[in-house]
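Chemist: Please read through the structure below; I'll follow up with questions.
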Amino acid sequence: MADLTEDPNPVLDIDGLLINQEHNKTQEEDNNNSNSQLKNKSAVFGKDREDNSSKNQNQAERDMASIHRSGSRPQLDLSKAAIGGNFEEKDPTILLPNQSDDLSHLALDIGGSLIKLVYFSRHEGQSIDDKRTKTLKERLGIANGTRRSYPILGGRLHFVKFETTKINECLDFIRSKQLHRGGMDSRHWNAEAPANENAVIKATGGGAFKFADLFKERLGVSLDKEDEMDCLVAGANFLLKAIRHEAFTHIEGRKEFVQIDHNDLFPYLLVNIGSGVSMIKVDGDGKFQRVSGTNVGGGTYWGLGRLLTKCKSFDELLELSQRGDNRTIDMLVGDIYGGMDYSKIGLSASTIASSFGKAISDNKELEDYSPEDISLSLLRMISYNIGQIAYLNALRFGLKRIFFGGFFIRGHAYTMDTISFAIHFWSKGDAQAMFLRHEGFLGALGAFMSYEKHGLDDLMVHQLVERFPMGAPYTGGKIHGPPLGDLNEKISWMEKFVLKGTEITAPVPMAPPPGTTGLGGFEVPSSKGGTLRSDASALNVGVLHLVPTLEVFPLLSDPKTYEPNTIDLADHNELEYWFTVLSGHLPDLVDKAVASEGGTDDAKRRGDAFARAFSAHLSRLIEDPAAYGKFGLANLLELREECLREFQFHDAYRSIKQRENEASLAVLADLFAELDSMSEETRLLSLIEGVLAANIFDWGSRACVDLYHKGTIIEIYRMSRNKMQRPWHVDDFDLFKERMLGSGDKKPQPHKRALLFVDNSGADIVLGMLPLARELLRRGTEVVLVANSLPALNDVTAMEVPVIVAEAAKHCDILRRAAEAGSLLVDAMINPSDSSKENSSSVPLMVVENGCGSPCIDLRQVSSELAAAAKDADLIILEGMGRALHTNFNARFKCDALKLAMVKNQRLAEKLIEGNIYDSPLIDSVNTQIRFQLFGVIVMLVR
């Protein structure tokens, strides 16, 4: 690979590296030394009553309708799809058992300026025999079949672009990844093997004709030319339907993402600004017509700009415009009317009356004008005219929605602002200009979809997850040179890139405090300028992960209006605060991650690389909060976990979780005995208080980390319970008690099935949620413990919960019988005939994964197992700040729902007291907010 200290264009494949990761287990048994009895005192929670509104009955089905473009094209066969590989992997493979292997994985759009590639990556999964999972799937009615058993297509859709002048780099990239041969691993491919003379790659754009012979000569493949207009429309329709928040407006430098109602998408006007401009009226899937266009487009700007400024590239010309002042060349209305507006016809003094008009009267030669001013004047002239013509065509057909795409835009802020101003001006605010995050890839994506067995028509919006790999904040999706072959090359690239100094946007590492891996702390992320990126507003394009096993949570009251994120990171103050929190937590996280891998030199090197990469992500988002699309706190936390996995840190808190589980299990029997000695009403309050007290243990909280230096886990738990007093900040316990116990002689029916979304390992699940689950089981309610699919901080995972339950069941017959009924105990699965009649009739305790690996959860994308379990559930319990406060605080459900969390963040506690970010009524008096150091308590009920 290139020496980055010399090469101004670092070599990097930001999205092509596939890493096999080992499955990590934390299965420890038998805990001794019970501690003294536990005491009771206060907690947090809430409840949601059933929403019987008929208008929301089938909203999920309507909102998530399948995408159909052309019924004549065979579809990607998603039947019996399952997540493959180990659940601890960075990106679990999607297995498509009924999909044939003869798929091409690459499509191209070869334009006059840029080559755009869309390709699908794959790798093989491993077979595993999971009896618990098989039994669970049978119980929940999920289609049978052994998961992870088919060595076939995975699911990652990648977007890459090259300048057309660097077509040889593009060909090298395709060859290095073997994309022309089905994407096989280049390290295992025989380069001398004869090429398949019949190999075909779908392509569109003028270059598909111009460079056909070159592709045949260099790669041995033929280019199958697809109609450019067909591809543009197919690509746009797919993105607008399948990608949430694909479209955005851009006014005065501010991006606002727009959620398009799929049922109201058509008709719209698609304005593709390439060398020239095409305007296409789109009436439906496969239904469109080119209604207008103009020969004044991107080619005009680049051609005139090159003649007038001597610029060597389109990007250089755009960069000049950012420093220009068009008033030195353009004639304004104020120049004609003595600095005054022409208010009678609605023209301000700053309105351009004549582009380049001052050049008529100025006694100047070309060299007397600044290239920057010329570039800006030219940009405004062409952008305004395209905007005006687009609006007139929209007016002609009665269209309110106008989407702009093409290489001319390139995510350039001033270009989008200028077009937006023109649309707003001529429509008097009735119409909006909208842009697409993947706007440069419409044609390539449409060509990709044209493969007979590779259509994406049936995908739904919840089945695509966009993730941003390490290189995203550095390159904005641009690729130079061959891909990285392995993790070591990836880390080397990162280390060399950092040596570039001023060219990096990531924070500069400070002197490390004792005991760190070498990076220590980081300064608060801030922009370092635009050395790497001519326009800081340029949007980054990530990798789209096809996950056909993700579903919309069926108990959401209204999926269409559901918004998971409670905190709006569009507020710059919120953004800076949370970035500071994450930066401050980074050194401790790196230390824990390195320790989880044995503290080896390799682990330290990976830890340093992770810290640099994540800091670069933070810097990029501080620079432009919308760079990765609409990003909330949940997305930010997931980005951190993905970054850890990218550098093969499977479970940074593994040893800590094991230690805390052991300490908590050691005192569980005492807690059960204490609870069983109470009256029913007292026990219910103590259980809720126990959940809240146990939820204090969260390694994502700085205040919690500080507490660990002041006592043992059991001592802290006891103090936490003793500090809590009712009323809580939002306290609906009495309503919950009435639903559970009834009033007077009226006894309510128990819930049929409860979904308990568990949070942290240790005391949280062992001393908090398991006793609550035990109480529900005692009342005849089936219990499903819902845990993370992948590790995140010290959150418990679905792979770890059965081990914890098995240990807890040694102290409790209720848990043992329920665990056997739910197939959580191995001996019960191996020899079910040994189970007594009493055991077989017990309500089951089950465990399902939630489909994510983050402290938060987006209920629009959950595992198929969880969706199946939810169909018969009538009680939801969301526990923890991440799942119940940072996300889903305002979520409404079709059944009863409790939201329990102990507030462990000072800023969040203050926000709750102010009551200015939530729509639930809050108690006004600060005195009612009982806090343990920096910890607050909140209980709520959604009505």
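Chemist: Working out 0.36 nm times the residue gap between residue 365 and residue 342, then minus their Cα-Cα distance, what length gain in nm do you get to one decimal?
Modeler: So the extension gain works out to 5.2 nm.
Chemist: Under 5 Å between amide H atoms, partner at least 5 residues away or on a different chain: which partners does residue 898 have, H built in plane at 1.01 Å?
Modeler: Here the answer is 48, 876, 877, 878, since their amide H atoms fall under 5 Å of that of residue 898.
Chemist: Can you run phi through the Karplus equation (6.51, -1.76, 1.60; θ = phi - 60°) for region 156-162 and list ³J(HN,Hα) in whole Hz, with x for Gly and Pro?
Modeler: 9, 9, 10, 10, 9, 9, 10
Chemist: Then there's this: Compute the signed sum of charges (Lys and Arg +1, Asp and Glu -1) over the other residues within less than 15 Å, Cβ to Cβ, of residue 420.
Modeler: Local charge sum for residue 420: +1.
Chemist: For the peptides 685-697, 321-333, what is the packing order when you average, over each peptide's residues, the other Cβ atoms within 10 Å and list the highest mean first?
Modeler: Put in order of decreasing packing, that is 685-697, 321-333.
Chemist: Counting only other residues whose beta carbon sits under 11 Å from that of residue 568, what net charge do I get with K and R as +1, D and E as -1?
Modeler: Local net charge: -2.
Chemist: Given a Förster radius of 41 Å and the C-beta distance between residue 670 and residue 734 as r, what FRET efficiency does 1/(1 + (r/R0)^6) yield to the nearest 0.05?
Modeler: Calculated value: 0.90.
Chemist: Give, as a single signed number, the net charge of other residues whose beta carbon lies under 11 Å from the beta carbon of residue 254, with Lys and Arg counted +1 and Asp and Glu -1.
Modeler: Within the 11 Å Cβ shell, the charges total -3.
Chemist: Between residue 254 and residue 907, what length comes free when the chain is fully extended (0.36 nm per residue of separation minus the Cα-Cα distance, one decimal in nm)?
Modeler: Fully extending the segment from residue 254 to residue 907 adds 232.5 nm.
Chemist: Ignoring ligands, DNA and RNA, what percent of the 1.4 Å accessible area of region 285-384 is carbon and sulfur?
Modeler: 50 percent
Chemist: By how many nm would the segment from residue 287 to residue 872 grow when fully extended, if each residue of separation counts as 0.36 nm and the alpha-carbon distance is taken off?
Modeler: Here the answer is 206.5 nm.
Chemist: On to the next question. Output wanted: per-residue J couplings in Hz (rounded whole) for region 339-344, from phi through Karplus 6.51 cos²θ - 1.76 cosθ + 1.60, θ = phi - 60°, x for Gly and Pro.
Modeler: Along region 339-344, the couplings run x, 9, 6, 9, 5, 4 Hz.
Chemist: Another question, if that's okay. Run the quick spin-label model on residue 350 and residue 295: label points 7 Å from Cα toward the beta carbon, then report their separation in nm to one decimal.
Modeler: The modelled label-to-label distance comes out at 3.5 nm.
Chemist: For region 317-373, report the accessible area per residue in Å² (1.4 Å probe, heavy atoms, rounded to an integer).
Modeler: 61 Å²
Chemist: Hey, with R₀ at 25 Å, roughly what FRET efficiency would residue 600 and residue 176 work out to, going by the Cβ-Cβ distance, to 0.05?
Modeler: That gives a FRET efficiency of 0.25.
Chemist: Okay, moving on. Exceeding 22 Å between C-alpha atoms, which entries from my cross-link table qualify? They are 657/904; 746/871; 177/202; 560/871; 312/358.
Modeler: Pairs exceeding 22 Å: 746/871; 312/358.
Chemist: Amide H to amide H under 5 Å from residue 893: which residues, 5+ apart in sequence or cross-chain, H placed 1.01 Å off N in plane?
Modeler: 557
Chemist: Now, a different point. With point charges of +1 on the Cβ of Lys and Arg and -1 on the Cβ of Asp and Glu, referenced to the Cα centre of region 319-423, which listed residue (349, 326, 389) lies farthest in the positive direction of the dipole?
Modeler: Toward the positive end, the furthest listed residue is 389.
Chemist: Let me ask you something else. Using 1/(1 + (r/R0)^6) with R0 = 51 angstrom and r between the beta carbons of residue 580 and residue 430, what's the FRET efficiency to the nearest 0.05?
Modeler: 0.75
Chemist: Non-local amide H neighbours of residue 224 (under 5 Å, H modeled in plane, Pro and chain starts lacking H): which ones?
Modeler: Excluding prolines and chain starts, which carry no amide H, the hits are 201, 202, 203.
Chemist: Convert each backbone phi in region 740-757 into a coupling constant with the Karplus relation 6.51 cos²θ - 1.76 cosθ + 1.60 (shift: θ = phi - 60°), then list the ³J(HN,Hα) values in order as whole Hz, x for Gly and Pro.
Modeler: Once θ is set to phi - 60°, the couplings for region 740-757 become 7, 10, x, 9, x, 8, 7, 9, x, 6, x, 5, 6, 9, 10, 9, 9, 7 Hz.
The values are calculated or read from the model by the stated rules, or taken from the named source; none is laboratory data. Everything quoted here is computed from the prediction, not taken from an experiment. In this analysis, Cβ positions are derived from the backbone assuming ideal geometry, glycine residues included, and neighbour counts consider all displayed protein chains. Note: accessible area is taken over every heavy atom of the protein model, side chains too, but ligands, DNA and RNA are not part of it. Shrake-Rupley method; radii C 1.70, N 1.55, O 1.52, S 1.80 Å.
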